[in-house]
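Read-outs throughout are calculated quantities, based only on the coordinates presented, and are distinct from any laboratory measurement. Since we're looking at a predicted model, the values are computed, not measured. Neighbour counts run over all protein chains shown; Cβ positions are idealised from the backbone, glycine included.
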Amino acid sequence: MSTSIPSCQHWRSKRDSDDILWLFLDRQGESVNSLSSAVLQEFDSLITYATQHLPRGVAILSGKASGFILGADIREFGIFTDPVEVTKAISQVHDMFSRLERLSCPTVAAFEGYCLGGGLELALSCSYRIARDLPSTKIGFPEIQLGIFPGFGGSARSVSQIGGMKAMELMLSARQVNARQARALGLVDEVIGRHEELYWAARRAILARRRSRGPGLLGKLSNLAPARKLLAQQMRKQTTLRAREAHYPAPYRLIDTWERYGGDRAAMMKEEAQAVGRLMVTPQAAGLRHVFGLMDRLKKEGKQSEFRARRVHVVGAGVMGGDIAAWCVLQGLEVSLQDREMKYIEPALKRAEALFRKRRLDPAAVRAALDRLRPDVNGDLVSQADVVIEVIVERLDAKQALLRSLEPRLKAGAVLATNTSSIPLEELATALQHPERLIGLHFFNPVAKMPLVEVVRGAISDEQMLRKGAAFCGQINRYPLPVKSSPGFLVNRILAPYMLEALIMHQEGIPIEAIDAAAEDFGMPMGPVELADTVGLDVCFMVMNTLGQRGDQADRNPLIAKATAQIRALADKGSLGRKTGQGFYRWEQDKASKQRDKAAGHDLQAIGIRLIKAYTDECVKALADGIVADADLLDAGMVFGTGFAPFRGGPMHYLNALAGVHQHD
C-alpha cells in the first residue's frame, strides 16, 4: 500500500518532521475558497489517507490570503432537482466530516478572514479551532439566506458544540460574528493576535493535544426536550414577525428539526440531510440563490476602479441629503454638508447623531463621527471633495443653477453627481462647461436601510467618472446599479405604474389596507400605498408628473386623473406620509397605523395579480428600452431597490418561472 499523500489540484499538503499533516486549501482558478464537489472529493481522499496512516495531528488552513472558506459552492446547488439526490450528496459529506471527527489524533482548523457556511461546518468537525483577531474575520452560517439551513452537519454539530439557544440564534439570524465573539460563543477555542502566525498556533495546539471544551451547563440544558419545546415556540413567534412560512420555509424546518431531534446528534444529522434535501429544490431556494448571485454581481460592479474617496461634499441638507451625508460619515469618510442657512443643516446633524447612536457606537465614536460631519453653508469645502453630490429640490432650473456654480470649484478628477430621482441627466448637464463629467448617484429612502444606488449614465457621461461613481458606492457599502438616463431611471419608472394601479384600485372602492395586504401576501416587504407614504407623497406626485401618464392610459381609465388628483391634494395640504406623520395612513412611532379588518372579505390573490402585472409589465418595457443591460441587472435593481420578494428571485426571474409553470400545465 502506498504511504504517499494523495496528489491534489485544490489542496497543498505536507507531513513535517513533527509528523503533523498540513492541509492548505487553495482552490485552483478561484480568488476565494469554496467547497465544490471537486474540493470535497479531494478532501475525502486526504481523510482516507490520514485514517490509514495516522499522523500526530492534522492542521487545516487556507492557502489563500482572502480567507478560509466562504462556504459550499452555491453555483453547484442548481444542478439538483431531486431531493433524494441532494440528501445522498449531503450524506456523503456527513460521512467524510465524521471520519475527520473520529480521527484519534488532534485535528485543528486555523483561520482568518471568512469562515462561513460549509467552512464553519468543516471547522466544527475538528477537535480544536483557532481564529486570528482581524476585522476581516467573519464566522457564521448564512444558509437561511439561501433558502436552506446548514446541511454539512452544521446544524447538529453547532447545537451540540455551543448549546441549542446560541446555535439556533446564530443560524436563524444568519449573523456573522468576529473572532472574539466566536470565542465567547464557543465556536472558536483560541483567538490569536494579528502579529501571531496561524501556522505556529496550530502546531502548538497539536503538540499540546488541545481539545475543544464543548458547551457549558446552560448550553447542555437548552438541548433537553422540555427546553427545546419551550424555546422552539418562542423562535417560531420571532420568525413569524420577520418571514412567512409559505415564503421562507427554511427557518421553520430548522426549528422543527432541532425541536424533535436536538437531544440526539446522530438523529438530528440524519434529519438535517433529509430536510435540507427537500428545501434545496424548492422554488424559494432557487429564487434566493438567484438573488445571492445578483448581489455578487453588483459587488463586482463596485470594483471596476481603484478610486477611493476621502472627502465628500453634499449640497442639500433635507432628509435625503442629510441622510446621505450621515451614511458616508458612518463609513469613515469626512463629509461637508451645505445648505442655504445653518437652520436647515441643524436637523440633519440631529438625525445623524441619532443614526450613530442607533448603530450602537460608543460615545467617543459618536463624537468622532460628528466631528467628521462639517456644516458648510458657503460651500467653502467643495474644492477639497473627491465626490460632490447635489441633493436639492427636484426642479430643473434650481439644479442647473447649482451645478453651474459648483463646476468651477471642483478639484481635478472629482466626481460630480446628482441625486435626481427622475430628471434626465442630459437636461441637467446643459448647464455645465464639461457636461460629460456629470453622473447620477440616485440613493433611495431610507438611505441607511436601502442598499441600492442607481449609477446613472447620461448620453455623453465619461466612462471613468461612472466607474469612480460605482467604486464610491462600493466604498460606502452600497450596491451600484448601472442604468441609462431616462425619466425615472429604472426603479422609479417601474414603481410609478405599480403605485398608480394601487391608487386606481382605491378609487374603485378597494380599501388601502386590502391593497397593501395583497402585495404583502405576494411577498413584498410593504404594500404600494405604504410605500408611497414612506417615499413621500410629494416625491411620488413629482415622479408621476415628470414621467407623465400616457394618453392611451388616461383614455382607457379615467380613474387615473382621480388617483393623481388624490395624491396631489394630500401633498398640497402637507400630508406627505411618514415624514409628516400623516399621508394615506396615520404614522405613529415610524409605523403606519392600519385597520387590518378592512382587508377582510376582499380577494387578495386577485388584487395581488393585478398589482404585480402593472409592476412586471413596466419591467418588460424598461428592459426593451435598454434602461439596464440585461434581465439580471433589472432583477437586482428591483430586489435591492424596492424589496421585490427576494424568494421570487426578482421580477424577470419570477416571470420566467411563471412561464415555465404554464408550459408544464
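Observations
- In the stretch 159-233, GluC sites (Glu not before Pro) in a DSSP loop with at most 12 other beta-carbon atoms within 10 Å: E197
- Between Q605 and C105, the modelled labels are 6.1 nm apart [label points 7 Å from Cα along Cα→Cβ].
- Label-to-label distance for E427 and R409 is 2.6 nm, based on points extended 7 Å past Cα in the beta-carbon direction.
- Selection from G117, G57, A72 lying farthest towards where the dipole of the stretch 55-133 points positive, charges on Cβ: G57
- Rg over Rh for the stretch 1-111 works out to 0.98, both radii taken from alpha-carbon positions and Rh defined as the Kirkwood radius.
- Reach of K220 by Cα under 13 Å, taken over aspartates and glutamates that are not fewer than 8 positions away in the same chain: D264
- Listed by chain and number, the lysines whose alpha-carbon sits under 18 Å from that of K613, ignoring those within fewer than 8 places in the same chain, are K621.
- Kirkwood Rh in Å, taken over the stretch 307-488 so that all alpha-carbon pairs contribute: 16.1 Å
- Per residue convex hull volume, Cα atoms of the stretch 97-213, in Å³: 88 Å³
- Histogram of C-alpha separations across the stretch 492-626, 10 Å bin width, %: 13, 45, 36, 7, 0
- In units of the compact-protein estimate 2.2 N^0.38 Å, the chain shows a Cα radius of gyration of 1.05.
- Estimated inter-spin distance, R75 and S17, nm [label 7 Å along Cα→Cβ]: 4.2 nm
- Of K138/K299; K64/K138; K300/K468; K166/K300, those spanning more than 25 Å from alpha-carbon to alpha-carbon: K166/K300
- Estimated FRET transfer efficiency (S136, Q92; beta-carbon r; R0 25 Å; 0.05): 0.20
- Charged side chains reduced to their Cβ positions (Lys and Arg at +1, Asp and Glu at -1) give the stretch 257-383 a dipole of some 240 debye around its Cα centre.
- Shape summary of the stretch 553-654, radius of gyration then Dmax from alpha carbon positions: 16.9, 43 Å.
- Under Stokes-Einstein, with the Kirkwood radius over Cα pairs as Rh, the value for the stretch 224-343 at 25 °C and 0.890 mPa s is 129 µm²/s.
- For the stretch 1-109, trypsin sites (Lys or Arg not before Pro) meeting the loop criterion (DSSP other than H, G, I, E, B) and having at most 15 other Cβ atoms within 10 Å: R56.
- Lys/Arg +1, Asp/Glu -1 at C-beta; the chain dipole; positive extreme among F141, S422, N656: F141
- Convex hull volume per residue, computed on the Cα atoms of the stretch 156-204, equals 88 Å³.
- The DSSP beta bridges internal to the chain are antiparallel in roughly 25% of cases.
- Taken along its three principal axes, the alpha carbon spread of the stretch 370-417 comes to 33, 25, 16 Å, from the longest extent down to the shortest.
- The three principal axes of the C-alpha atoms in the stretch 11-281 carry coordinate ranges of 55, 41, 34 Å, sorted with the longest axis first.
- Rounded to the nearest 0.05, the FRET efficiency derived from the C-beta distance between R308 and H434 at R0 = 30 Å is 0.85.
- Taking 0.36 nm per residue of separation and subtracting the Cα-Cα distance, full extension of the segment from A561 to E30 would add 185.6 nm.
- Where GluC sites (Glu not before Pro) fall in DSSP loop in the stretch 245-332, at most 11 other Cβ within 10 Å: E306
- A266/D597 FRET efficiency (R0 51 Å; Cβ-Cβ; nearest 0.05): 0.55
- For the chain, a simple Cβ point-charge model (Lys and Arg +1, Asp and Glu -1, everything else neutral) yields a dipole of about 2100 debye relative to the Cα centre.
- Rotationally averaged projected area of the stretch 263-403 (alpha carbon convex hull; nm²): 14.5 nm²
- 10 Å binning of all Cα-Cα separations within the stretch 38-175, expressed as whole percents from 0 upward: 11, 42, 38, 10, 0
- In a reduced charge model with +1 at each Lys and Arg Cβ and -1 at each Asp and Glu Cβ, the stretch 469-525 shows a dipole moment near 560 debye about its Cα centre.
- Among M499, A519, A614 the positive-end extreme of the charge dipole of the stretch 492-626 (Cβ point charges): M499
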